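Reviewing the structure listed below.
The values are calculated or read from the model by the stated rules, or taken from the named source; none is laboratory data. These figures come from a predicted structure and were not determined experimentally. For neighbour counting, all protein chains shown are included, and Cβ atoms are generated from backbone atoms with ideal geometry for every residue, glycine included.
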Amino acid sequence: MASTSDILDDATIGLAGWIGHSRGMASAHRHLDLEINYLLSGTISYLVGGNVVTLPPQRFCLLWGGVPHQMVRSARAAEMIWITIPLTSVLRWGLPDQLIRTLLATGFVADAAPRNSDLDLLQQWLEDLPGYAEARGARPRNETAEGVILLEIEARLRRLAMGLPHLSEADQGSQSNSPTHSDNGLNAVEAMAQYIFRNFQNSISIAEIAQEAHLHPNYAMTIFRRHTGMTISQYLILQRVAHAQRRLATSDDAIHVIATDSGFGSVSRFYEAFQQHTGRSPRRFRMQMDAKSR
C-alpha cells in the first residue's frame, strides 16, 4: 500500500488519491498540492511548518504541501485516506480568503467536527480516480469523472470555509504538545521548528534557533537531524524556498523582491537554493504555474 514516504517527493503530484497504512517519513517533504487527510484509525502526528499537529480521527483535514511537513509519529495500525489537488486548481476556485490565508500561513486546517458524509464522499473520489482504479486492477472510470471530483471537492472546501470562524486554535492546528514534557527530544525539535517558521525571513543563526529550545547548538543540531532527517540549515532553506514558491505562484512581484522577502541574502543564493530544491529556476517555475492556471 502507498504511504506518504512513497508519494510526496515530487514538485507536484496532481489530482490523485490513496488509502493505506502509514509508515512515516524519513525527512520533511513539500509539494505544490493541497492535500486532504482523513484518518480512519490509529494516531498520526505531523510536523507542519513550526507545529506538531495530531490529526483528529475521522475528520476532514487540509494540509498545504508547500509548507514543509513530516510525519513524526504514527501508530503501526494507523490507516488513512490521502487526496491531493493541484494548487493551481485550488487558486482558480476563488475560495474564501480566510481559508486560503490560513492554509498558506499555517499549512493545516481541520473541520470543527466529524461529518457522516465525508467517508462516503472520499471513497467515491478514490473509486473515480483513474490511477487509483488501475492500481487496484479495476476498470478506470470515464475521464469526465475528474471534473466531477474537482467540483465536489470545491463544494466541500467551501462548506469547510463556512465553519472556520467557529474553529478553535486547536482545530486549526496551531496547538502543539506541551514543551515541558520530554518526548525524546521531539518537543525541542518542535520549538526550534516554530522559531524557524516565525523567523525564516530574517537572518537567524543556529545558535539563536538552539537557544529557543534551551539547548547547546551542537546537541540541538544532533536531535534535529535525528527527528527530521535533515540539518537545521537545510530545514531553514526549505522553509524559505517553500515561501518563495507560494509568492511566485500567487503574486506578480519581481523575483528579486521575493528573494529578499523569503530570507535570502542575495538573488544568486536564492536562485541556487531554488534550483537545488525544485529542479528549475524561479522564472521557469512561475511560467509553468502560469501555464497550468490558464
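Say we look at the range 51-71 and pick out the residues that are at pLDDT below 85 and not in a strand (DSSP E or B); which of these is nearest to the chain's Cα centre (by Cα)? Only one residue fits best here, namely Gly65. Considering the range 40-50, and only residues there that are buried (at least 16 other Cβ atoms within 10 Å of the Cβ) and not in a strand (DSSP E or B), the residue that is modelled with the lowest pLDDT turns out to be Gly50. All conditions but one from (1) buried (at least 19 other Cβ atoms within 10 Å of the Cβ); (2) touching a residue at least 40 places away in the same chain (Cβ under 8 Å) apply to Met230; the one that does not is (1). The listed residues are Thr222, Thr231, Thr250, and the only one of them that is touching a helix residue (DSSP H, G or I) at 6+ places or on another chain (Cβ under 6 Å) and hydroxyl-bearing (Ser, Thr, Tyr) turns out to be Thr231.
When Asp253 is tested against the conditions (1) more than 26 Å from Arg73 (Cβ to Cβ); (2) among the charged types (D, E, K, R); (3) assigned to a helix (DSSP H, G or I), the lone failure is (3). Of the residues in the range 99-113, at least one is at pLDDT 90 or above and touching a Pro at 6+ places or on another chain (Cβ under 8 Å). Of all residues in the range 183-191, at least one satisfies being in contact with a strand residue (DSSP E or B) (Cβ under 7 Å, 6 or more places away or on another chain) and either over 23 Å from Asp33 (Cβ atoms) or not assigned by TED's automatic domain parsing to the domain that holds Val48 (or both). Evaluate the following for Phe264: is it modelled with pLDDT of 85 or more, touching a Phe, Trp or Tyr at 6+ places or on another chain (Cβ under 7 Å) and either of a type in the set (Asp, Glu) or in a loop (DSSP other than H, G, I, E, B) (or both)? So Phe264 passes the test. Residues that are touching a helix residue (DSSP H, G or I) at 6+ places or on another chain (Cβ under 8 Å), more than 21 Å from Tyr235 (Cα to Cα) and either in the same structural domain as Phe197 (by TED's automatic domain parsing) or at pLDDT 75 or above (or both) within the range 1-39 comprise Ile13, Leu15, Ala16, Gly17, Trp18, Ile19, Ser22, Ile36, Tyr38, listed in sequence order. Filtered by the rule that a residue be outside any helix (DSSP H, G or I) and either outside the structural domain of Gly279 (by TED's automatic domain parsing) or among the hydroxyl-bearing types (Ser, Thr, Tyr) (or both), the range 230-250 gives a lone residue, Thr231. In the range 127-147, the condition of being at pLDDT 60 or above, under 28 Å from Gly20 (Cα atoms) and of a type in the set (A, V, I, L, M) is met by at least one residue.
Scoring Ile255 on the criteria (1) more than 30 Å from Gly185 (Cβ to Cβ); (2) free of Cβ contacts under 8 Å to residues at least 12 places away in the same chain leaves a single failure, condition (2).
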